[in-house]
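Below is one structure, written out as structure tokens; comments come after it.
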Amino acid sequence: MQHTSKLPDVKTTIFSIMSGLAKTHNAINLSQGFPDFESDKTLTDLVCKAMNSGYNQYAPMYGNLELRQAIAKKIELLYNTSYHPDNEITVTAGATQAIFTVINTFIREGDEVIIFKPAYDSYEPAVKLNGGTPIAIQLEAPFFGVDWDLVRQKISSRTKMIIVNTPHNPLGTVFSKADMLQLQDLTKNTDIIVLSDEVYEHMIYDGEQHQSACLFPDLKKRSFVVASFCKTFHNTGWRIGYCCAPKELMDLFMQVHQFNVFCVHHPTQKGIADYMQEPKHYLELSAFYQQKRDLFLNLIKDSRFKFKPSKGTYFQVLDYSAITDEYDVDFAKRLTVESGIASIPLSVFNTNNIDHKVLRFCFAKKDDTLKRAADILNTI
Ligand SMILES: Cc1ncc(COP(=O)(O)O)c(C=O)c1O
């Protein structure tokens, strides 16, 4: 019997390649986005407590009620808007499942989905698996801003969804209020769904405000806002997140979600619900990561890499055009093998693998790791 791939273009992800190479060559791994420090013991204790207190059977389909209430409270506090915990908030297996299920719920054969490149790598395969066509809009160096006139031109009668991501992985840029107003304006009086990937909402620097889709009433009506506890609470292995949307949209999402996972790890939900009773646990995150960004950038300020400080996420992109004109994938591999530091080449996230001579480094690392990494980068 002959089986064919539903995703013939998909190869081993760059994350596996670079992390594998880092391991083989004992390199400092700033490639994949995960912390090399432990998360708060208070949180892990609360999850263990939940496990020891009987939170071990199926959670409700939307998620543990206390967690949904804590999420609703957080959104009220930060964005002064409400989602009803009963039917507008769903806890998911990471943001990844929320993204996949939103796309699975709405995208049919022939639908077009606008995606800004570089883009997080799960969007396009999810669109294709559902018969949709990704319509890529490449963001261009050096500013990587969105040309909203171009977006207007790309919107057609087949456009079913626009996926946005702010703060942005891999660029570390953020959408301004003006960007969000443009998005709101462009989608007004259409049936377009906006999938707003906001997993780095709590990592935003230099006094900027996160511009959530839920802040803009007309945008909120058509949006799924996706968030991740993995990012926020330093536990990428827990794979737990959530999404919010108005009830009419969430009702449709739930039809798929119930047959996809139905519910996710219950004791973790209860532990996070208790932990979130203290808002400082998410309010202090930007300051925590800004200190790491500043430490890293200060240490490499005299290196031959050029950069604009990341505005959000825990990623910093570095331009190496003054060092070599090597293809970014080759340079990233060479840095790992010969110099002992692993990063992610940005071309893998771009249309036609366009190479802007930029590498992405993750600064969610212990200060000591960042110092050792900087020592190496200063010699390149
Ligand atoms: C932009 C973006 N969206 C979604 C995700 C997935 O988040 P989670 O680990 O909660 O599934 C990531 C993880 O790297 C990400 O960078």
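Brief remarks follow.
- Long-range lysine pairs (8 or more apart or interchain), the range 80-235, Cα under 17 Å: 11
- Taking every alpha-carbon pair under 8 Å whose residues sit at least 6 apart, the chain reaches a relative contact order of 26 percent.
- Per-atom-type breakdown for the range 205-268 gives carbon and sulfur 52% of the accessible area (1.4 Å probe, protein chains only).
- For the chain, the pair-distance distribution built from all alpha carbon pairs, in bins 20 Å wide starting at 0, is 28, 59, 13 percent.
- Cross-link reach list, aspartates and glutamates versus Lys308, counting only Cα pairs under 13 Å and skipping chain neighbours closer than eight places: Asp206, Asp294, Asp319
- Most fluctuating residue given options Tyr327, Tyr289, Tyr242, as computed from a GNM of the chain linking Cα atoms under 10 Å: Tyr327
- Calculated FRET efficiency for the pair Asn56/Asn87, C-beta based, R₀ 22 Å, to 0.05: 0.30
- Inter-probe distance in nm under a simple model that places probes 7 Å from Cα toward Cβ, at Asp40 and Asp218: 3.9 nm
- Note, ³J(HN,Hα) from phi for the range 31-36, Karplus 6.51, -1.76, 1.60, rounded to Hz, x at Gly and Pro: 7, 6, x, 8, x, 9
- R0 of 30 Å, Cβ-Cβ distance Arg334-His3: FRET efficiency to nearest 0.05: 0.25
- Segments 55-61, 316-322 sorted - mean Cβ within 10 Å per residue, highest first: 316-322, 55-61
- Residues with amide H under 5 Å from that of Thr159, placed H, sequence gap 5 or more: Glu112
- Vicinal HN-Hα couplings computed from phi for the range 88-97 (Karplus, 6.51 cos²θ - 1.76 cosθ + 1.60; Hz; Gly/Pro x): 10, 9, 10, 7, 10, 7, x, 5, 4, 5
- Along its principal axes, the range 53-210 has C-alpha extents of 54, 42, 30 angstrom, given from the largest down.
The values are calculated or read from the model by the stated rules, or taken from the named source; none is laboratory data. In this text the structure is predicted, and so the values were computed from the model without any measurement. Here the Cβ is made from the backbone with ideal geometry for all residues, glycine too, and neighbour counts use every protein chain on show. Heavy atoms of the whole protein, side chains included, go into the accessibility calculation; ligands, DNA and RNA do not. Shrake-Rupley method; radii C 1.70, N 1.55, O 1.52, S 1.80 Å.
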